[in-house]
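Scroll down for the structure; my scribbles are underneath it.
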Amino acid sequence: MRAFVLHAEWEPRSGYQPDVGEVQTRLARQASGVWRNPEVREQAVAEPVPAAGEVVVEVGSCGVCGSDTHCVERDDEGYLLFSGPARLPVVLGHEYTGRVVAKGEGVREARVGQLVAAEGMLYCGVCGACRRGLVNQCVRLRMTGFSAPGAFADRVVVHEKHLWSLDGLAERLGSSRAALDLGALVEPLSCPYNGIWVAAGGMRPGSHVAVHGCGPIGLGAILLCRAAGAASIVAFDVVPERVALAMACGADLAYEVGALGRAGGDPADVILQATRGWGADLQIEAAGAAVATWPTIERAFAPGGTMVYLGRTGERALVGLDALVSGACRVVGSRGHAGGGCFPAVIRLLEAERIDPSAMITARMPLSRTPSALERSRSRTDGKILVQSDPA
């Protein structure tokens with residue numbers, strides 16, 4: 001079958017010392033410290049065969065994630081930019097939907113013909129972290145498209161525990177194609193859902209919210225906070241097109257940071273003015289640029305405010321801890337989208353039309369043009385680019 005595979009050279013950079021496990025498994029805990037000269041190739045790979053409890057999903061839509069973009073981008077030394085764990089070569093793509101076309105022994109719930117969305121955090125379910133409900137922190141975690149075969153392919157195999165039905169959404173929309181496309185946003189919407197409501201304990205209706213970074217994760221945070229009763233939402237990005245998308249997704253105010261600065265403005269002052277001096281009760285860092293965003297976040301905290309860090313970068317930010325002490329504020333880290341009821345909750349919101357993320361989809365391309373989709377994503381002007389492969 002067709003697949004788009006990420007290849008790179010194992011060449012640990014100066015100052016990065018892989019441990020024994022990394023060397024033996026070729027699973028780098030920080031991909032940007034090891035994998036050099038990345039390249040995506042179309043190639044034929046073996047048809048997936050389901051083991052016990054697994055199903056084969058014929059891919060319908062798969063979103064291009066910022067992490068996928070970071071896997072094909074290089075720094076000045078030729079290392080890919082993705083700072084998470086990765087084992088290469090691997091089929092890219094993890095934000096996917098499709099139709100179940102085959103199943104292995106012992107499958108209990110999934111059925112052939114069912115439309116599904118799939119979690120990409122492949123947790124074991126039995127380690128200490130999983131048994132405490134921290135499935136995104138599973139010690140044996142594999143990640144679709146990074147350390148397990150992904151969905152920029154005709155088909156993918158996955159355990160049924162990671163699947164959630166989209167049949168209700170297809171019924172509401174009156175179209176399987178529309179459900180597969182909208183369902184591909186469940187994963188990027190579930191990341192801020194997990195950060196805000198599972199990791200950080202929720203957002204009170206009437207809260208003032210600031211969103212730093214208006215890619216798909218930041219846009220998802222805007223949609224969800226709007227639906228949850230935010231009093232105000234102020235958003236910031238460095239790309240004008242994404243500023244416009246933030247307004248389309250429900251922000252009250254949205255600013256291009258560069259233009260704001262050239263006009264003599266400052267994001268923290270904007271937040272304080274918009275909240276009548278109170279500050280932001282909830283701040284979402286979805287830019288993966290904490291070195292640049294933290295000074296604003298620190299100044300713009302409301303008393304008792306929370307910052308949820310959803311971005312990802314290998315950089316270290318200088319954090320003034322006294323601001324957290326004086327303001328009784330907190331920083332909450334969050335990775336992933338699995339568990340915590342995230343997928344079913346987001347699907348219910350879509351089914352009930354409580355959120356409409358369709359404005360996020362700004363481009364659709366066929367599977368054969370996956371490299372073009374990845375290249376286009378580097379401009380960071382889109383909301384969500386979908387790669388489509390119609391199931392039979």
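The values are calculated or read from the model by the stated rules, or taken from the named source; none is laboratory data. Not measured: the values here are computed from a predicted model. All Cβ positions, glycine included, derive from the backbone under ideal geometry; neighbour counts span all protein chains shown.
Couple of notes before you dig in:
- Against the criterion of being modelled with pLDDT of 95 or more and touching a helix residue (DSSP H, G or I) at 6+ places or on another chain (Cβ under 7 Å), GLY120 qualifies.
- Tally of residues being without any contact (Cβ under 8 Å) to a residue 40 or more places away in the chain and over 17 Å from ILE355 (Cα atoms) across region 202-235: 3
- Restricting region 1-39 to residues that are touching a Ser or Thr at 6+ places or on another chain (Cβ under 7 Å) and assigned to a strand (DSSP E or B), the residue that is surrounded by the fewest Cβ atoms within 10 Å (Cβ to Cβ) is LEU27.
- Among the residues of region 105-115, at least one is modelled with pLDDT of 95 or more and either in contact with a Ser or Thr (Cβ under 8 Å, 6 or more places away or on another chain) or over 23 Å from ALA52 (Cα atoms) (or both).
- No other residue among LEU245, LEU223 is closer than 22 Å to PRO344 by Cβ, of a type in the set (A, V, I, L, M, F, W, C) and at pLDDT 95 or above apart from LEU223.
- Complete set of residues in region 263-292 that are among the β-branched types (Val, Ile, Thr) and out of contact with any Pro (no Cβ under 8 Å at 6 or more places or on another chain): VAL270, ILE271, THR275, VAL291
- For beta carbons closer than 6 Å, sequence separation of 6+ or different chains, a first residue in region 314-328 that is over 30 Å from GLN30 (Cα atoms) and assigned by TED's automatic domain parsing to the domain that holds ALA287 and a second that is outside any helix (DSSP H, G or I) and at pLDDT 85 or above, the qualifying pairs are GLY327/PHE301; GLY327/PRO303; ALA328/GLY304.
- Residue satisfying all of: in region 48-99; touching a Gly at 6+ places or on another chain (Cβ under 8 Å), assigned to a helix (DSSP H, G or I) and not polar (S, T, N, Q); surrounded by the most Cβ atoms within 10 Å (Cβ to Cβ) among these: ASP68
- Residue in region 150-166 that is buried (at least 20 other Cβ atoms within 10 Å of the Cβ), in the same structural domain as SER61 (by TED's automatic domain parsing) and either closer than 21 Å to LEU310 by Cα or free of Cβ contacts under 8 Å to residues at least 24 places away in the same chain (or both) present: no
- Counting the residues of region 269-298 that are closer than 25 Å to ARG312 by Cβ, surrounded by fewer than 18 Cβ atoms within 10 Å (Cβ to Cβ) and free of Cβ contacts under 8 Å to residues at least 40 places away in the same chain gives 3.
- Residue in region 14-27 that is within 26 Å of LYS161 (Cβ to Cβ) and among the hydroxyl-bearing types (Ser, Thr, Tyr) present: yes
- Spans of strands (runs of 3 or more DSSP E) in region 296-392 with at least 1 residues within 24 Å of ASP167 (Cβ to Cβ): 361-366, 384-388
- Conditions (1) assigned to a loop (DSSP other than H, G, I, E, B); (2) buried (at least 17 other Cβ atoms within 10 Å of the Cβ); (3) not aromatic (Phe, Trp, Tyr); number of the one not met by ALA102: (1)
- Helices (runs of 4 or more DSSP H) fully within region 174-280 that include at least 2 residues being of a type in the set (D, E, K, R) and out of contact with any Phe, Trp or Tyr (no Cβ under 8 Å at 6 or more places or on another chain): 176-183, 240-248.
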